[in-house]
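Visitor: Before I ask anything, here is the structure I am working with.
The values are calculated or read from the model by the stated rules, or taken from the named source; none is laboratory data. Computed from a predicted structure; not experimentally measured. So basically every Cβ, Gly included, is an ideal-geometry build from the backbone, and we count neighbours across all protein chains shown. SASA here: full protein model, heavy atoms, side chains in, ligands and nucleic acids out. Shrake-Rupley method; radii C 1.70, N 1.55, O 1.52, S 1.80 Å.
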Amino acid sequence: MIRFGLIGAGRIGKVHAKTIATNPKAKLAFVADALPQAASDLAAAYGAKVASVDEIMKSKDVDAVLIGSPTGFHAEQIQAASNAGKSIMCEKPVSLDVPTIHETLKVVEKNKSTLMIGFNRRFDPNFAELERRIRAGAVGDVELVTVISRDPGPPPLSYIKGSGGLFRDMMIHDFDMARFLMGEEFTVVNALGSALVDKAIATEGGDVDTAAVQMQTASGRIAVITNSRRATYGYDQRMEVHGSKGMLSARNIHNTTVELHNGNGTQADPIQNFFLERYGQAYADELNSFIAAVETGKRDPRPSGHDGLQAQILADAATESQKTGKPVKV
Ligand SMILES: NC(=O)c1ccc[n+]([C@@H]2O[C@H](COP(=O)([O-])OP(=O)(O)OC[C@H]3O[C@@H](n4cnc5c(N)ncnc54)[C@H](O)[C@@H]3O)[C@@H](O)[C@H]2O)c1
């Protein structure tokens, strides 16, 4: 039984609290949040205790710390948990600052801590199966990877202002998926971006809401990622991998498989609305993978701290490319 201290009782903290509480190998021991009410509400919902971040780090009744606080706190909380001898699962991104990621990974390395980063999409059963088939040779040599990721609607401007920008906040998942599917590092990044959904995202938030990125590996393989902060039809999450022997694709998941057929054509139910619905199974499988690593003492289960670093380097390159209008070598 792995006893968890959960840090952050917001949107993603609530998801993790539920997956921990419903996992037979896990126990939600403590919840910490900067807002006492948020911590006590979530703790009460799952029979856990409220604690401060510091108390979680020092507690002998905590084996693993799950970090779901805002991005700006991840690095210091990973380091504190590592120094306290805890296993760590931390939400993406590790930090918006690459030198801080290096410094954090050094601490983790020195303490030989187990660290996993919450790139949950790798655990989506469909995307995981797609990756397994690539590695089994179903499409031969991979030549083109296409990742489409569109949110149903933009977050509040206050969130955008502190997010580090679309490439670091949203597309970071897609950089990780492109690396995961390609199986080779990218060496060139070229990005375009605009604010087409809401002009205030550019004028007040200094960000874009619509973006396309092209990346190339040293051997010439190409990935294309497109993002939008708006999709009128739900949470659009699709992937396609083209290779020398064929093509693999994974479609969206609809609320039901029921379709209406009539003289006007065929109508399906809407696709699942957002990450809570779409990735419910992925979060559960992600936690199982982390628990297996803690139980067996595996130190860098994938997605590892290194995966967190590589995705951040690509996000930084895309941010620079979008601003300068030039491709960036990484
Ligand atoms: N993997 C995913 O699918 C996914 C989805 C959403 C968010 N995230 C990531 O999770 C993190 C949190 O995002 P969110 O949407 O849940 O945010 P949120 O604002 O809903 O929740 C964050 C919570 O942390 C609390 N908090 C603030 N400072 C704290 C501190 N120093 N220590 C402890 N708690 C603190 C806040 O009071 C709040 O309750 C972000 O880094 C985000 O990138 C990942």
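Visitor: Return the only residue of 311, 268 being out of contact with any helix residue (DSSP H, G or I) (no Cβ under 7 Å at 6 or more places or on another chain), among the aliphatic types (A, V, I, L, M) and open to solvent by less than 50 Å² (accessible area, probe 1.4 Å). Walk me through how you get there before you give the answer.
Guide: On the way: 311 fails: out of contact with any helix residue (DSSP H, G or I) (no Cβ under 7 Å at 6 or more places or on another chain).
Exactly one residue qualifies, and that residue is 268.
Visitor: Considering only residues of the range 289-308 that are within 16 Å of the ligand (Cβ to nearest atom) and assigned to a helix (DSSP H, G or I), which is most open to solvent (accessible area, probe 1.4 Å)? Give the steps one after another, and end with the answer.
Guide: Of the range 289-308, the ones within 16 Å of the ligand (Cβ to nearest atom) are 289-290, 301-305, 307-308.
The next check asks that each one be assigned to a helix (DSSP H, G or I); those that pass are 289-290, 305, 307-308.
Values: 289: 38, 290: 0, 305: 6, 307: 1, 308: 3 Å².
Restricting to residues being within 16 Å of the ligand (Cβ to nearest atom) and assigned to a helix (DSSP H, G or I), the top hit is 289.
Visitor: Say we look at the range 81-112 and pick out the residues that are of a type in the set (S, T, N, Q) and surrounded by fewer than 22 Cβ atoms within 10 Å (Cβ to Cβ); which of these is nearest to the ligand (Cβ to nearest atom)?
Guide: Only one residue tops the list, namely 100.
Here is a yes/no grid of residues against (1) within 20 Å of the chain's Cα centre (by Cα); (2) buried (at least 20 other Cβ atoms within 10 Å of the Cβ); (3) within 19 Å of residue 115 (Cα to Cα):
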residue	(1), (2), (3)
20	yes, yes, yes
23	no, no, no
26	no, yes, yes
33	no, yes, no
38	no, no, no
43	no, yes, no
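Visitor: Only one of 286, 277 is open to solvent by less than 10 Å² (accessible area, probe 1.4 Å), in contact (Cβ under 8 Å) with a residue 12 or more places away in the chain, under 29 Å from residue 96 (Cβ atoms) and charged (D, E, K, R); which?
Guide: Details: 277 fails: open to solvent by less than 10 Å² (accessible area, probe 1.4 Å).
Unique residue meeting the criteria: 286.
Visitor: Kindly indicate the residue of the range 113-135 that is assigned to a loop (DSSP other than H, G, I, E, B) and out of contact with any strand residue (DSSP E or B) (no Cβ under 7 Å at 6 or more places or on another chain) and also nearest to the ligand (Cβ to nearest atom) among those meeting that condition. Outline the logic, then answer.
Guide: Step one: filter the range 113-135 for residues assigned to a loop (DSSP other than H, G, I, E, B), giving 113-114, 119, 124.
Narrowing the set further to residues that are out of contact with any strand residue (DSSP E or B) (no Cβ under 7 Å at 6 or more places or on another chain) leaves 119, 124.
On the way: 119: 7, 124: 11 Å.
Only one residue tops the list, namely 119.
Conditions (1) on the phi > 0 side of the Ramachandran plot; (2) among the small types (Gly, Ala, Ser); (3) surrounded by fewer than 23 Cβ atoms within 10 Å (Cβ to Cβ), marked per residue:
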| residue | (1), (2), (3) |
| --- | --- |
| 164 | yes, yes, yes |
| 167 | no, no, no |
| 173 | no, no, no |
| 176 | no, no, no |
| 186 | no, no, no |
| 193 | no, yes, no |
| 198 | no, no, yes |
| 204 | no, no, yes |
| 207 | no, no, no |
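Visitor: So, in the range 21-48, exactly how many residues are more than 15 Å from the ligand (Cβ to nearest atom) and under 21 Å from residue 280 (Cα atoms)?
Guide: 9
Visitor: Would you point out the residue of the range 59-80, among those that are part of a loop (DSSP other than H, G, I, E, B) and more than 11 Å from the ligand (Cβ to nearest atom), that is nearest to residue 113 (Cα to Cα)?
Guide: 63
Visitor: Exactly one of (1) of a type in the set (Gly, Ala, Ser); (2) away from the ligand (no atom under 12 Å from the Cβ); (3) open to solvent by 10 Å² or more (accessible area, probe 1.4 Å) is unmet by residue 51. Its number?
Guide: Unmet condition: (2).
Visitor: Mind counting the residues in the range 70-84 that are out of contact with any helix residue (DSSP H, G or I) (no Cβ under 7 Å at 6 or more places or on another chain) and either at pLDDT 95 or above or not small (Gly, Ala, Ser) (or both)? If you could, list the steps in order and put the result at the bottom.
Guide: Restricting attention to the range 70-84, the residues satisfying the condition of being out of contact with any helix residue (DSSP H, G or I) (no Cβ under 7 Å at 6 or more places or on another chain) are 70-74, 76.
When the remaining residues are screened for being either at pLDDT 95 or above or not small (Gly, Ala, Ser) (or both), the result is 70-71, 73-74, 76.
So the count comes out to 5.
Visitor: Further question on the same structure: Can you name the number of the only condition in (1) surrounded by 18 or more Cβ atoms within 10 Å (Cβ to Cβ); (2) closer than 18 Å to residue 289 by Cβ; (3) among the small types (Gly, Ala, Ser) that residue 9 fails?
Guide: That leaves (2) as the condition not met.
Visitor: Now for a separate question. Examine the range 13-31 for a residue that is free of Cβ contacts under 8 Å to residues at least 60 places away in the same chain, among the aromatic types (Phe, Trp, Tyr) and in contact with a Gly (Cβ under 8 Å, 6 or more places away or on another chain), and state whether such a residue exists.
Guide: Taking the range 13-31 as the starting set, the residues that turn out to be free of Cβ contacts under 8 Å to residues at least 60 places away in the same chain are 13-14, 17-18, 21, 24, 27-31.
Now drop any that are not among the aromatic types (Phe, Trp, Tyr), which leaves 30.
If we keep only those that are in contact with a Gly (Cβ under 8 Å, 6 or more places away or on another chain) as well, we get 30.
Yes, that holds for at least one residue.
Visitor: Here are some conditions: (1) among the aliphatic types (A, V, I, L, M); (2) under 22 Å from the mean Cα position of the chain (by Cα); (3) open to solvent by 50 Å² or more (accessible area, probe 1.4 Å). Residue 64 meets all but one. Which one does it not meet?
Guide: Of everything listed in (1) among the aliphatic types (A, V, I, L, M); (2) under 22 Å from the mean Cα position of the chain (by Cα); (3) open to solvent by 50 Å² or more (accessible area, probe 1.4 Å), residue 64 misses just condition (3).
Visitor: If you go through the range 235-244 one residue at a time, do you hit one that is modelled with pLDDT of 95 or more, open to solvent by 90 Å² or more (accessible area, probe 1.4 Å) and of a type in the set (Phe, Trp, Tyr)? Before you say what the answer is, go through the steps one by one.
Guide: Looking only at the range 235-244, we keep the residues that are modelled with pLDDT of 95 or more, and these are 235-244.
Subset that is open to solvent by 90 Å² or more (accessible area, probe 1.4 Å): none.
So far as the range 235-244 goes, no, none of its residues is modelled with pLDDT of 95 or more, open to solvent by 90 Å² or more (accessible area, probe 1.4 Å) and of a type in the set (Phe, Trp, Tyr).
Visitor: Also: Can you go through 226, 257 and tell me which one is open to solvent by 20 Å² or more (accessible area, probe 1.4 Å), under 28 Å from residue 163 (Cα atoms) and either hydroxyl-bearing (Ser, Thr, Tyr) or in contact with a helix residue (DSSP H, G or I) (Cβ under 6 Å, 6 or more places away or on another chain) (or both)?
Guide: Details: 257 fails: under 28 Å from residue 163 (Cα atoms).
Answer to the selection: 226.
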